[in-house]
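None of the figures in this text is laboratory data; all of them are computed from the coordinates on show. Small disclaimer: the values here were computed from a predicted structure and weren't measured. Counting neighbours? That spans all protein chains shown, and the Cβs are built from the backbone with ideal geometry, glycine included.
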Amino acid sequence: MNSKIIGAGNYIPLHTVTNKFFDESTFFDENGVPLKQSNAIITQKLKEITGIEERRYAETDQVASDLGFLAAQKAIEDAQIDPETLDYIIFAHNYGDVVHESVQSDMVPSLASRVKHLLKIKNNFCVAYDLLFGCPGWIEGVIQANAFIQACIAKRCLVIGAETLSRVIDPHDRDSMIYADGAGAVILDANQDDSGLQSHLSASFTLNESDYLYFGKSYFHQDSNTKYLKMKGRKIYEFALTNVSQAMKTCFDNSGYSINELSKIIIHQANEKMDEAIVSRFYQLYDLPKPPNVMPMIIQKLGNNSVATIPTLLAMILHGEIPEHSINKGDITLFASVGAGMNINAFVYKF
């Protein structure tokens, strides 16, 4: 028995933040020294490296569980199911609900429980829990849901990825320009034919890499106890190039398909330049050039919204919102992600 995606939905916040938003920002380095480059040069370099032109922030009255609920509603409508038939709700995030202009994370009750409440599900045996696995959290949720379905523990699962990274970034750190808010969700159902999830792989690199993404003090208010999302960008880039492409190959080889049968790679929208390098390195492992149009990207307009990037992109493709990309019945697709932990995961899916 396999698990099959029968519905997908996303919620893209309405508040658009262009790169010009950062014109008046004051950026410092990790030692608290003001950056010498002008903000115009800083944002231009950001666009050249990451591809980001704009990103979306949640409205001031929204938190991550609200975004997750809205994406879940769309996935349920797309699947045309009764939410009472759900056996599991798995909510991938990293920072919980953070109220606008607050520094406190709220995770009790779980965000999954909050979504179940908002969906007005009466079924007490619909189990709702949260999953913290860095940016690869949504993929890990799909892998767990698939395991429940294969073990006949569940027949139908809702997997959500939502985050409001705009609430946990240091405004004086130029890396803050990368991050965004959003949500995506899918419904997975038990499936008897040969479509659905074919193979998967997960790994946690913690011996030397666990602090590549971390919570640290502001580059400006270094005497403050408040902490913000920080990253060691160069180390992450080097780590990802070596390890993500190899993990993708191992996962794909385990599926039994030929590389020539691969139609699409849906990769975490972390950094356009890094993702291009990862996918190129993946094809190099097969002594092949990267095919054209194999890797859709939405980071240019939506930024990096962590666990939400992949399900958001998937829903947009399935609903015909990215004209140059489509997924058809029988297509073989490779999903992959990397993030805090450092965690890597991937799965191969036949539509």
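With only alpha-carbon pairs counted, each pair once and no self-pairs, how large is the Kirkwood hydrodynamic radius of the chain in angstroms? Numbers along the way, then the final one.
On the way: mean 1/r = 0.0491 Å⁻¹.
So the Kirkwood estimate lands at 20.3 Å.
Nearest 0.05, what FRET efficiency do LEU14 and PHE125 give at R0 = 56 Å with Cβ-Cβ as r?
0.95
When you count, for each residue, the other Cβ atoms within 10 Å and take the mean per peptide, how do 315-326, 265-276, 228-239 rank with the highest first?
265-276, 228-239, 315-326
Summing -39500 (n - 2.57) over the DSSP H runs of n ≥ 4 in the chain and dividing by its residue number, what mean residue ellipticity at 222 nm do you reach, to the nearest 500 deg cm²/dmol?
Computed ellipticity for the chain at 222 nm equals -9000 deg cm²/dmol.
What is the helix-to-structure angle for 272-284, meaning the angle in degrees between its Cα long axis and the longest Cα principal axis of the chain, kept from 0 to 90 and rounded to the nearest 10?
The two axes meet at around 50 degrees.
For the chain, what does the relative contact order come out to in percent, with C-alpha contacts under 8 Å and a separation of six or more?
Here the relative contact order equals 26 percent.
For the chain, with the dipole built from +1 on Lys and Arg beta-carbon atoms and -1 on Asp and Glu ones, taken about the Cα centre, which of VAL159, ALA277, ILE149 lies farthest toward the positive end?
Towards the positive end, the residue furthest out is ALA277.
For ALA183, what residues show an amide H to amide H distance below 5 Å, using hydrogens built from the backbone and excluding near sequence neighbours?
For ALA183, the qualifying residues are TYR11.
Would you mind pulling out the separation of the Cα centroids of segment 293-351 and segment 12-48, in Å?
Cα centroid to Cα centroid, the span is 27 Å.
Could you check how many percent of all C-alpha pairs in segment 63-210 are farther apart than 25 Å? Can you show the working numbers first?
On the way: 3415 of 10878 pairs.
Here the tail beyond 25 Å accounts for 31 percent of pairs.
Ranked from highest to lowest mean number of other Cβ atoms within 10 Å per residue, what is the order of the peptides 246-259, 181-194?
Going from most to least packed, we get 181-194, 246-259.
Listed highest first by mean packing, meaning other Cβ atoms within 10 Å per residue, what order do 161-174, 50-63 come in?
Taking the mean over residues of other Cβ atoms within 10 Å, the ranking is 161-174, 50-63.
On full extension of the chain, what length is gained from GLU59 through GLN246, given 0.36 nm per residue of separation minus the C-alpha to C-alpha distance? Before the final figure, lay out the partial values.
Working: separation 187, 0.36 × 187 = 67.32 nm, distance 3.88 nm.
Gain on stretching GLU59 to GLN246: 63.4 nm.
Separation of segment 174-207 and segment 61-88 by C-alpha centroid, Å?
With segment 174-207 and segment 61-88 each reduced to a Cα centre, they are spaced 17 Å.
Taking R0 as 22 Å, what's the FRET efficiency between THR85 and HIS117 from their Cβ-Cβ distance, rounded to 0.05?
0.80
For the charge dipole of the chain, defined by +1 on Lys and Arg C-beta atoms and -1 on Asp and Glu C-beta atoms about the Cα centroid, which residue among THR18, ALA247, ILE332 has the Cα displaced farthest towards the positive pole?
It is ALA247, whose Cα lies furthest towards the positive end.
How tilted is helix 64-79 with respect to the longest principal axis of the chain? Cα atoms for both, answer in degrees (0 to 90, nearest 10).
Helix 64-79 sits roughly 30 degrees off the main axis of the chain.
For the Cα atoms of the chain, what angle does the longest principal axis make with the long axis of helix 137-150, in degrees from 0 to 90, nearest 10?
20
Cross-link list LYS47/LYS232; LYS45/LYS232; LYS45/LYS227; LYS45/LYS301; LYS36/LYS273; LYS232/LYS290: which exceed 21 angstrom alpha carbon to alpha carbon? Mind showing how you got there, number by number?
Details: LYS47/LYS232 18 Å; LYS45/LYS232 17 Å; LYS45/LYS227 26 Å; LYS45/LYS301 16 Å; LYS36/LYS273 24 Å; LYS232/LYS290 27 Å.
Over 21 Å Cα-Cα: LYS45/LYS227; LYS36/LYS273; LYS232/LYS290.
What is the spin-label model distance, in nm, from SER105 to ASP211 if the labels are put 7 Å beyond Cα along the C-beta direction?
In this crude spin-label approximation the distance works out to 1.8 nm.
Spin-label point model (7 Å from Cα, Cβ direction): what's the GLN37 to TYR286 distance in nm?
3.5
Kindly put LYS47, LYS350, LYS36 in sequence by how many other C-beta atoms sit within 10 Å of each C-beta, fewest to most.
Ordered from fewest to most neighbouring Cβ atoms within 10 Å, LYS47, LYS350, LYS36 come out as LYS36, LYS47, LYS350.
Taking all pairs of distinct Cα atoms, average 1/r, flip it, and tell me the Kirkwood hydrodynamic radius of segment 126-169 in Å to one decimal place.
Result for segment 126-169, one decimal place: 11.7 Å.
Counting Lys and Arg as +1 and Asp and Glu as -1, each charge on the Cβ, what is the dipole of segment 197-350 about the Cα centre in debye, to the nearest 20?
Dipole of segment 197-350, to the nearest 20 debye: 280 debye.
For the chain, with only Lys/Arg (+1) and Asp/Glu (-1) charged at the beta-carbon, what is the dipole magnitude about the Cα centre, in debye rounded to 20?
Rounded to the nearest 20 debye, it is 280 debye.
Less than 18 Å from a label point 7 Å out along the Cα-to-Cβ axis of ASN191: which backbone N atoms in segment 323-351 qualify, by residue?
Output list for this probe position: 326-336, 346-351.
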